[in-house]
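Asks: Once you've had a glance at the structure underneath, I'll fire off some questions.
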Amino acid sequence: MNSAPQMKPWIDAIHAYVPGKAKLDARPVVAKLSSNENPFGPSPHAVAAMTAVLGASHLYPDPASTALREALAALHGIEAGRIICGTGSDELIHLVAGAFAGPGDEIVYVRHGFAVYDIAARRVGATPVVADDVDYTCDVDAVLAAVTDRTRVVFLANPNNPTGTIISAAEVRRLHAGLRPDIVFALDAAYAEFAEGEYEDGIALARAHANVVALRTFSKIYGLAAQRIGWAYAQESLVGAMHRIRAPFNVPATGQAGAIAALADTDWVEKTRAHTLQWRNWLAGEITALGNAGLRAIPSAANFVLVEFPEDGPVNAAAANAALLEDGIIARYLAVQAMPRCIRISIGTEAETRAAAASLRAFVAGATG
């Protein structure tokens with residue numbers, strides 16, 4: 001007989017989320033490019049708005065995030081009553097899993113998808129089912145083939161994290177059309193603002209269909225990662241179920257105020273987007289120039305570039321990561337996510353992005369002699 005409390009077996013199977021490295025032990029940080037953060041930070045208007053409410057920190061925040069939902073509704077032309085806000089989009093991912101799946105059910109996501117999908121599935125006792133991808137990109141047919149009569153939720157990050165890859169709006173709609181109406185299709189568009197061309201962020205699908213949840217965040221282009229603010233849009237039946245299990249007072253007053261101000265500062269958003277696209281393309285070009293050494297930049301629609309290294313030899317991802325750290329540059333080595341050949345590099349300031357590229361060039365030159 002056990003003498004101490006025992007965790008549930010599905011909890012025991014969880015591998016806790018490992019965030020990107022943030023500090024170096026003995027060297028100053030030249031560039032922290034491990035967590036896809038906005039290199040400019042939040043809008044100054046958002047900082048001012050957050051500062052203005054600090055004096056009321058003894059009061060609980062609006063539990064319904066009413067003003068923030070109204071601001072989101074006005075910006076996107078959607079109904080405030082069909083918006084739910086959360087402690088980052090992470091909480092909303094867990095709410096989808098918790099409200100619509102449990103023991104005996106299955107949750108499908110794409111190989112090399114966002115690590116929280118696996119955790120959210122296991123947390124509620126559901127079985128995570130991983131669909132094969134094609135060159136780090138969602139394969140719609142593989143996802144549909146992974147669906148069974150036990151499937152309750154399908155998660156799709158588009159653009160995907162940590163790969164940066166994207167599928168077209170037509171492919172997103174084809175995936176949704178292939179799902180039974182009782183399966184929740186959770187379209188995670190955390191990086192929507194960095195996508196180009198024909199793109200489906202899920203809002204139109206969620207308006208038209210009762211089984212779609214469109215997920216968004218303020219952590220990336222709005223630079224409010226520390227405030228932990230996400231939001232989702234869906235029809236009332238889905239949102240109502242998520243409200244039943246969300247934490248009370250889950251979005252802080254500072255975050256609500258900052259997010260409202262951030263939405264209004266469109267110049268700041270456009271500045272971040274333009275910078276990201278410019279330097280994302282530049283960094284991808286620098287990586288491509290190292291192709292003779294086996295490096296490859298995976299085409300990205302997000303605010304980072306995934307770099308693939310050869311599997312063997314001196315020019316490998318582990319050695320490159322060590323060289324970057326030696327130069328004070330913290331990227332995201334993805335061995336922890338079963339991608340030992342890959343390093344994800346967030347787009348930083350111009351100086352930070354140039355420093356990362358220079359470090360990789362020096363590493364390759366030294367390794368190839």
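Asks: Read through the list (1) of a type outside the set (D, E, K, R); (2) closer than 29 Å to His58 by Cβ; (3) surrounded by 20 or more Cβ atoms within 10 Å (Cβ to Cβ), then give the number of the only condition that Leu205 fails.
Replies: If we test Leu205 against (1) of a type outside the set (D, E, K, R); (2) closer than 29 Å to His58 by Cβ; (3) surrounded by 20 or more Cβ atoms within 10 Å (Cβ to Cβ), just (2) comes out false.
Asks: Output the number of the condition that Ala145 fails; it satisfies all remaining conditions of (1) touching a residue at least 24 places away in the same chain (Cβ under 8 Å); (2) surrounded by fewer than 23 Cβ atoms within 10 Å (Cβ to Cβ); (3) of a type outside the set (Val, Ile, Thr).
Replies: Among (1) touching a residue at least 24 places away in the same chain (Cβ under 8 Å); (2) surrounded by fewer than 23 Cβ atoms within 10 Å (Cβ to Cβ); (3) of a type outside the set (Val, Ile, Thr), the lone unmet condition for Ala145 is (1).
Asks: Please work out if Phe218 is touching a residue at least 24 places away in the same chain (Cβ under 8 Å), in contact with a Leu (Cβ under 7 Å, 6 or more places away or on another chain), over 21 Å from Arg111 (Cα atoms) and of a type in the set (Phe, Trp, Tyr). Full working, then the answer.
Replies: On the way: touching a residue at least 24 places away in the same chain (Cβ under 8 Å): yes; in contact with a Leu (Cβ under 7 Å, 6 or more places away or on another chain): yes; over 21 Å from Arg111 (Cα atoms): yes; of a type in the set (Phe, Trp, Tyr): yes.
Judged against the criteria, Phe218 is a match.
Asks: Related question: Which pairs turn up if I take residues in segment 2-21 that are closer than 21 Å to Asp90 by Cβ and assigned by TED's automatic domain parsing to the domain that holds Glu91 and look for partners that are of a type outside the set (Ser, Thr, Tyr) and at pLDDT below 85 with beta carbon separation below 6 Å, at least 6 apart in sequence or on another chain?
Replies: Here the result reads none, with nothing in segment 2-21 linked to a residue that is of a type outside the set (Ser, Thr, Tyr) and at pLDDT below 85.
Asks: From the list Phe194, Phe218, which one is crowded, with 22+ Cβ neighbours inside 10 Å and within 20 Å of Gly113 (Cβ to Cβ)? Even if it seems obvious, please write down each step before you answer.
Replies: Numbers: Phe218 fails: within 20 Å of Gly113 (Cβ to Cβ).
Being crowded, with 22+ Cβ neighbours inside 10 Å and within 20 Å of Gly113 (Cβ to Cβ) holds for just one of Phe194, Phe218, which is Phe194.
Asks: Which of the residues that make up segment 1-47 are acidic (Asp, Glu), part of a loop (DSSP other than H, G, I, E, B) and at pLDDT below 90? So that I can check it myself, show each step before the final result.
Replies: Within segment 1-47, the subset acidic (Asp, Glu) is 12, 25, 37.
Remaining after also requiring part of a loop (DSSP other than H, G, I, E, B): 25, 37.
Passing the criteria: only Asp25.
Asks: Another question, if that's okay. Which of the numbered conditions does Asn292 fail, given that it passes all the others? Conditions: (1) in a helix (DSSP H, G or I); (2) closer than 30 Å to Gly86 by Cα.
Replies: (2)
Asks: Taking the condition of being without any contact (Cβ under 8 Å) to a residue 40 or more places away in the chain and of a type in the set (Lys, Arg), how many residues in segment 88-129 meet it?
Replies: 1
Asks: Against the definition (β-branched (Val, Ile, Thr), without any contact (Cβ under 8 Å) to a residue 60 or more places away in the chain and surrounded by 18 or more Cβ atoms within 10 Å (Cβ to Cβ)), how does Val184 come out, yes or no?
Replies: no
Asks: Then there is this: Would you tally the residues in segment 61-75 being closer than 14 Å to Leu263 by Cβ, crowded, with 17+ Cβ neighbours inside 10 Å and not basic (Lys, Arg)? Talk me through it step by step, then tell me what you get.
Replies: At the first step, the residues of segment 61-75 found to be closer than 14 Å to Leu263 by Cβ are 65, 67-75.
Pick out the ones that are also crowded, with 17+ Cβ neighbours inside 10 Å and you get 65, 68-69, 71-72.
From what is left, the residues that are not basic (Lys, Arg) are 65, 68, 71-72.
Residues meeting the conditions: 4.
Asks: Let me ask something else. For segment 281-300, what are the residues that are within 13 Å of Arg344 (Cα to Cα) and touching a helix residue (DSSP H, G or I) at 6+ places or on another chain (Cβ under 9 Å)?
Replies: The initial filter retains those residues of segment 281-300 that are within 13 Å of Arg344 (Cα to Cα), namely 283-284, 287, 295-300.
Hits for segment 281-300 are Leu283, Ile287, Leu295, Arg296, Ala297, Ile298, Pro299, Ser300.
One line per residue, one yes/no per condition, for (1) touching a Pro at 6+ places or on another chain (Cβ under 8 Å); (2) more than 30 Å from Phe40 (Cβ to Cβ); (3) of a type outside the set (Phe, Trp, Tyr):
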site: Ala214; (1), (2), (3): no, no, yes
site: Ser219; (1), (2), (3): no, no, yes
site: Arg228; (1), (2), (3): yes, no, yes
site: Tyr233; (1), (2), (3): no, no, no
site: Ser237; (1), (2), (3): no, yes, yes
site: Pro248; (1), (2), (3): yes, yes, yes
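Asks: Just checking, how many residues over segment 302-348 are under 18 Å from the mean Cα position of the chain (by Cα), farther than 21 Å from Leu24 by Cα and in a loop (DSSP other than H, G, I, E, B)?
Replies: Final tally of qualifying residues: 4.
Asks: Among the candidates Ala67, Ala74, which residue alone is free of Cβ contacts under 8 Å to residues at least 12 places away in the same chain, out of contact with any Cys (no Cβ under 8 Å at 6 or more places or on another chain) and assigned to a helix (DSSP H, G or I)?
Replies: Values: Ala67 fails: free of Cβ contacts under 8 Å to residues at least 12 places away in the same chain.
Just one listed residue meets the conditions, Ala74.
Asks: Further question: Specify which of the listed residues (Ala259, Ala234, Ala241) is hydrophobic (A, V, I, L, M, F, W, C), closer than 26 Å to His112 by Cβ, modelled with pLDDT of 95 or more and in the same structural domain as Tyr191 (by TED's automatic domain parsing). So that I can check it myself, show each step before the final result.
Replies: On the way: Ala259 fails: closer than 26 Å to His112 by Cβ; Ala241 fails: closer than 26 Å to His112 by Cβ.
Only one candidate passes the filter, namely Ala234.
Asks: For segment 27-48, enumerate the residues that are among the aliphatic types (A, V, I, L, M) and buried (at least 21 other Cβ atoms within 10 Å of the Cβ). Can you show your working first?
Replies: At the first step, the residues of segment 27-48 found to be among the aliphatic types (A, V, I, L, M) are 29-31, 33, 46-48.
Of everything in segment 27-48, those that are among the aliphatic types (A, V, I, L, M) and buried (at least 21 other Cβ atoms within 10 Å of the Cβ) turn out to be Ala31, Leu33, Ala46.
Asks: Go through (1) within 30 Å of Thr349 (Cβ to Cβ); (2) acidic (Asp, Glu); (3) over 20 Å from the mean Cα position of the chain (by Cα) for Asp201 and report which single condition fails.
Replies: Asp201 satisfies all of (1) within 30 Å of Thr349 (Cβ to Cβ); (2) acidic (Asp, Glu); (3) over 20 Å from the mean Cα position of the chain (by Cα) except (3).
The values are calculated or read from the model by the stated rules, or taken from the named source; none is laboratory data. Just so you know, these numbers come straight off a predicted model, no measurement behind them. Don't worry about glycine lacking a Cβ; one is built from the backbone with ideal geometry, like all the others, and counts go over all protein chains shown.
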